[in-house]
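Peer 1: One structure coming up, written as C-alpha cells, with questions to follow.
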Amino acid sequence: MKVGFYTSKREYEEKQKEFDDAIHAALKDGISTLGAEVKALEKEIAEFTGAKHAIGVASGTDALVLTSDILGFKDGREVITSPFTFLASTSCIVRHGGKPVFVDIDPETFCIDTNQIEEKINKNTVGILPIHLFSQMADMDKIMDIATKHDLRVLEDAAEAFGMRWQGKGDSFKHSGTIGDFGVFSFFPTKTLGCYGDGGMIVTNNDRLAELARQFRVHGASKKYHYDHVGYNSRLDSIQAAILLVKMKYIKDAISKRAKIASIYEERLSNCEHIRFPKIKGNQSPVYYVFNILTDRRDELVEFLKKNEIGTSVYYPMPLHVQKCFEYLGYKEGDFPVAEKVSKEILALPIYPELTTDEAEFVCDKILEFFAK
Ligand SMILES: *Cc1c(COP(=O)(O)O)cnc(C)c1O
C-alpha cells in the first residue's frame with residue numbers, strides 16, 4: 001500500500017462538481033478584486049470564529065507582515081516569540097526592523113514556554129507573538145495576563161490553528177486568533193482550511209485595527225487613490241475564496257475526520273516504548289492539523305517508511321535561532337535546548353480528511369514493525 005503524506009486530489013474528486021460550479025460562477029459573475037466571494041467568505045469566517053472582523057489577504061505570511069506593521073513590531077522594538085516554527089512567524093517582525101526575542105518551547109506542547117516570557121521583557125518590548133502549533137493553542141490565559149500587565153500587543157500566529165478553541169479559565173471557548181489584538185490564518189493547501197493556491201485571513205475584534213488592516217491590504221488607501229499609509233497589495237483572490245466557501249460547508253466534518261485518524265495513531269502507537277506523543281495542555285479543543293510523534297530514531301524511521309512508500313514530514317528540522325538568515329541576532333546552538341532536541345526527534349505522520357482508516361492502520365503496522373526489529 002502506498003500512503004502519501006498529503007494530496008488534494010481525493011477531495012477534488014469527491015466534490016468536483018461543487019468546486020467546478022463555484023469557480024465557474026465566480027468567472028461568470030465577472031471577477032472583481034475583493035469581490036462577492038471574498039466578502040461572503042469574510043462573513044463566514046467571522047461567524048465561525050466569533051471574530052468581529054475578518055479581512056482576506058493574499059497569504060498567511062502577508063497577514064503576519066501587515067499586522068506586525070500595524071502593531072508596531074518594527075524599528076528596533078522587541079517582540080517575544082518562539083524559534084520552533086515556520087519562518088514567517090519571525091520574518092514578519094524582521095521585515096521592518098523589529099527584533100525577535102526568542103524563548104524556548106514547552107517540551108510537551110511545542111508552544112512557547114510562557115514561564116520564560118516575563119524575564120525577557122524590557123522597555124523596548126512591544127509585543128508577544130505566540131504560535132499555535134500543529135494541534136493546539138499556546139497558553140492564552142498566561143499570555144494575555146502578561147500582555148495586560150506590561151501593556152504589550154499580542155499577535156496570534158493561528159496559521160495552523162483553524163478550528164482550535166481555547167477555554168482556559170474563562171467561561172466560553174474562544175476561537176484561535178480572536179483573543180489577542182490580531183490573529184492570522186493561512187489557507188495554504190495543506191492547512192486545515194486550505195485553498196488551491198495561496199490565501200490568508202486577518203481577524204480582530206478591534207474596529208480601528210480592522211480598518212487599518214483593510215487599508216493596508218490595498219496600498220494603505222483610506223479611499224480610492226488616497227493613501228494614508230504606505231501599505232501593501234495583498235488581497236485574497238476571488239477564485240480561492242470561492243473554493244474556500246465550498247470547503248467551509250464541510251469544515252466540521254473535515255476536523256472530525258482528522259480527529260479520527262489521530263485517535264487511530266494514538267491507540268495503536270501508545271504502547272510502543274520508543275515513541276512519545278505531544279500532550280494537549282490547558283482547557284482547549286485541539287484540531288489535528290499535524291499529527292506528530294517523537295522518537296530518537298527519527299531519521300532511520302523516515303528512511304524505513306519511505307522504503308515502504310509512506311510519506312512523512314518534519315516540521316521543523318531546524319529552529320529559527322540557528323538559521324543563517326538570523327545569524328545577526330547572535331543566537332547560537334544550545335540557546336534553546338528544548339526546541340533543538342524536538343527538531344531532531346519530531347516526525348509528522350500522514351493526516352488529512354480523505355486519508356482512510358486502512359491507510360492509517362497500515363502506517364501504524366509499519367512503524368511497529370520498524371521498532372520490533
Ligand atoms: C503556514 C504557516 C504560515 C504562513 O502561511 P502561508 O499562507 O503559507 O504564507 C505562518 N506561520 C505558520 C506557523 C504556518 O504554519
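Peer 1: Anything in region 167-189 that is away from the ligand (no atom under 16 Å from the Cβ) and either of a type outside the set (Phe, Trp, Tyr) or assigned by TED's automatic domain parsing to the domain that holds Ser313 (or both)? List them, or say none.
Peer 2: If the condition is that a residue be away from the ligand (no atom under 16 Å from the Cβ) and either of a type outside the set (Phe, Trp, Tyr) or assigned by TED's automatic domain parsing to the domain that holds Ser313 (or both), then Gln167, Gly168, Lys169, Gly170, Asp171, Ser172, Lys174, His175, Thr178, Ile179, Asp181 are the ones that fit.
Peer 1: Sort through Thr67, Thr61 and tell me the only one that's touching a helix residue (DSSP H, G or I) at 6+ places or on another chain (Cβ under 6 Å), in contact (Cβ under 8 Å) with a residue 60 or more places away in the chain and among the polar types (S, T, N, Q).
Peer 2: Going through Thr67, Thr61 in turn, the sole match is Thr61.
Peer 1: Let me ask something else. How do the pairs read when you match residues in region 296-313 that are outside the structural domain of Ile275 (by TED's automatic domain parsing) and on the phi > 0 side of the Ramachandran plot with residues anywhere that are of a type outside the set (Phe, Trp, Tyr) and outside any loop (DSSP other than H, G, I, E, B), using Cβ under 8 Å and keeping only pairs 6 or more apart or on different chains?
Peer 2: Between residues of region 296-313 that are outside the structural domain of Ile275 (by TED's automatic domain parsing) and on the phi > 0 side of the Ramachandran plot and residues that are of a type outside the set (Phe, Trp, Tyr) and outside any loop (DSSP other than H, G, I, E, B), there is no close pair.
Peer 1: Further question on the same structure: Tell me, which residue of region 146-177 that is assigned to a helix (DSSP H, G or I) and not hydroxyl-bearing (Ser, Thr, Tyr) is surrounded by the most Cβ atoms within 10 Å (Cβ to Cβ)?
Peer 2: Per the stated criteria, the residue is Ala147.
Peer 1: If you don't mind, another one. Suppose we filter region 314-330 for residues that are outside any helix (DSSP H, G or I) and touching a residue at least 60 places away in the same chain (Cβ under 8 Å); how many remain?
Peer 2: 4
Peer 1: Where residues in region 180-191 are touching a helix residue (DSSP H, G or I) at 6+ places or on another chain (Cβ under 9 Å) and surrounded by fewer than 24 Cβ atoms within 10 Å (Cβ to Cβ), which of them is nearest to Phe291 (Cα to Cα)?
Peer 2: Once the filter is applied, the top-ranked residue is Lys191.
Peer 1: So Gly98 clears everything in (1) surrounded by fewer than 24 Cβ atoms within 10 Å (Cβ to Cβ); (2) more than 14 Å from the ligand (Cβ to nearest atom) except one condition, right? Which one?
Peer 2: (1)
Peer 1: Across region 162-191, what is the total count of residues that are farther than 16 Å from Glu47 by Cα and within 10 Å of the chain's Cα centre (by Cα)?
Peer 2: 4
Peer 1: Now, a different point. Considering region 130-141 alone, what residues qualify as being away from the ligand (no atom under 16 Å from the Cβ) and within 17 Å of Phe102 (Cα to Cα)?
Peer 2: Answer for region 130-141, where residues must be away from the ligand (no atom under 16 Å from the Cβ) and within 17 Å of Phe102 (Cα to Cα): just Asp139.
Peer 1: Here is a follow-up. Filter region 29-78 down to the residues that are polar (S, T, N, Q) and either within 16 Å of the ligand (Cβ to nearest atom) or surrounded by 15 or more Cβ atoms within 10 Å (Cβ to Cβ) (or both), then identify the one that is farthest from Phe187 (Cα to Cα).
Peer 2: Ranking the candidates gives Ser68 first.
Peer 1: Please enumerate the residues belonging to region 288-332 that are within 16 Å of the ligand (Cβ to nearest atom) and within 24 Å of Asp365 (Cα to Cα).
Peer 2: Tyr288, Tyr289, Val290, Phe291, Asn292, Ser313, Val314, Tyr315
Conditions (1) more than 10 Å from the ligand (Cβ to nearest atom); (2) out of contact with any Ser or Thr (no Cβ under 8 Å at 6 or more places or on another chain); (3) farther than 28 Å from Asp237 by Cα; (4) not assigned by TED's automatic domain parsing to the domain that holds Lys99, marked per residue:
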position: Ile146; (1), (2), (3), (4): yes, no, yes, no
position: Arg153; (1), (2), (3), (4): yes, yes, yes, no
position: Asp157; (1), (2), (3), (4): no, no, no, no
position: Arg165; (1), (2), (3), (4): yes, no, no, no
position: Lys191; (1), (2), (3), (4): no, yes, no, no
position: Gly194; (1), (2), (3), (4): no, no, no, no
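Peer 1: Are there any pairs with C-beta distances below 6 angstrom linking a residue in region 195-207 that is closer than 15 Å to Glu37 by Cα and hydrophobic (A, V, I, L, M, F, W, C) to a residue that is assigned to a loop (DSSP other than H, G, I, E, B) and within 13 Å of the ligand (Cβ to nearest atom), with the two at least 6 apart or on different chains, and if so which?
Peer 2: Taking only residues 6 or more apart or on different chains, the pairs are Cys195/Phe187.
The values are calculated or read from the model by the stated rules, or taken from the named source; none is laboratory data. Given the structure is predicted, the values throughout are model-derived calculations rather than measurements. No Cβ is skipped: glycine too gets one built from the backbone with ideal geometry, and neighbour counts run over all protein chains shown.
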